[in-house]
Structure formats: structure tokens, C-alpha cells
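Since the structure comes first, as C-alpha cells, the remarks are kept for the end.
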Amino acid sequence: MNKYLVIFLRSGGFFGLAMGLFYTLQYQNVSAGVRCGLVTGILFGVSMAALSYLSDQKLKKKGIDTSSAHVRRSHKISVTRTARDLIPTCKKAILLIKHSSLKKEDTETGTLIAKMGMSWNSFGETLEISLKPLADGRTLIKIASSPSLPTTIVDFGKNLENVETVVSYIKQELGDEVRDCA
């Protein structure tokens, strides 16, 4: 199903249902509540789909694939360095993201956790980078970004942008040492 249709149905459906219930309970009029729910749901769904489309166009200009409607994003790469050597590079990559702050750094488990504050298109995000040694001497880096608010339906590509910012920085810094993983 088309990404923007999914966004329209999810956001418009939930919002329309909530507004319809609110209006029905507030004014004790079921038929007016249904009409209010339909109209506000359609308007809200169209608005969210349109804003998502505009955000996707911005990301496409940066060369980022925006085909999925998922808000939880991750990417795996492997590098020919140890986890301990990679931590400073990963920390620098995190700081490239607006409103980011490193909340946890565990060198024993190879985990970095950062939080991003609220913005016009998000209630904030959590970014986690985990570093795991592989048998061939390489280190697997998993970068995952998810909304701070678990009920988030649309993030306008913010979590995808967070992940791609980190991946791009690591690839830029380490060049030929980096390989994408499936």
C-alpha cells in the first residue's frame, strides 16, 4: 500500500475517531459526532500525509531512501576496528544531530544512548548505537533510532535522518573500512 495512504489512514483514522468520540460525548449527539469525526479525520490525515511528503522530498535531496512509513529505523555496518576505537567516532556522529545529548556510554557493552529533544516534527527521539565484535576481527555497529513517545505514528523522517546522519559520518571518517550489513 502507498506510504502516504498508510499515513493518511493511520493518523486521520485515530484523530477522527478521537474527535468524533469527544464531540459525541461533549454534545450528546451521535450523528454530529460521526460527521465531526469524519471531517476532522480527513483533514488531519491529508495534512499529515502532505507534511510527510514534503519532509520526504527534503530527505530525497540528501540521497536518503524514504520508501518506508515505519518510524523506528535502524542500520547495521561493520568496520575493521575495535569497539573501543570506534566509540569516539560514534560520539562525534551523535553530536551532529540537532538537540542531541549523550545520556549513556558503556564501554564494557559497547553501547551509546543519546536523546534528542522536541522539535516541530517530533516529541523527541532515542538513538542507540551498539558495538559488537565479530569473529573475523571486524566490529558490527547497529544504529537504531526510535520516537521517545511510543505511540508516534508519523515522524516526518526524523528517525531515518538520525540514523543516516550517524552512518554517513562514520563512512566519511573511516572510508574503505566500512561495509553495509544486511
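Tabulated data for the structure shown
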| item | result |
| --- | --- |
| Criterion (buried (at least 16 other Cβ atoms within 10 Å of the Cβ), touching a residue at least 24 places away in the same chain (Cβ under 8 Å) and either in a helix (DSSP H, G or I) or not assigned by TED's automatic domain parsing to the domain that holds residue 160 (or both)) met by exactly one of 45, 37 | 45 |
| Within the range 6-27, tally of residues that are under 9 Å from residue 45 (Cα atoms) and either outside the structural domain of residue 47 (by TED's automatic domain parsing) or without any contact (Cβ under 8 Å) to a residue 40 or more places away in the chain (or both) | 5 |
| Strands (runs of 3 or more DSSP E) contained in the range 97-144 and holding at least 3 residues more than 22 Å from residue 181 (Cβ to Cβ) | 100-106 |
| Residue in the range 19-27 that is touching a Ser or Thr at 6+ places or on another chain (Cβ under 7 Å) and closer than 16 Å to residue 121 by Cβ present | no |
| Subset of the range 114-138 (residues that are in contact (Cβ under 8 Å) with a residue 24 or more places away in the chain and surrounded by 20 or more Cβ atoms within 10 Å (Cβ to Cβ)) | 116, 122, 125, 127, 129, 131 |
| Hits in the range 57-70 - residues which are buried (at least 16 other Cβ atoms within 10 Å of the Cβ) and under 16 Å from residue 165 (Cβ atoms) | 59, 64, 66 |
| Any hit, the range 76-92, residues being within 25 Å of residue 10 (Cβ to Cβ) and modelled with pLDDT of 95 or more | no |
| Candidate set: the range 54-96, residues that are assigned to a strand (DSSP E or B) and of a type in the set (D, E, K, R); chosen: the one farthest from residue 7 (Cα to Cα) | 76 |
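The values are calculated or read from the model by the stated rules, or taken from the named source; none is laboratory data. Predicted, not measured: the structure shown is a model, and the values here were computed from it. Positions of Cβ are generated from backbone atoms using ideal geometry, with glycine treated the same way; all protein chains shown enter the neighbour counts.
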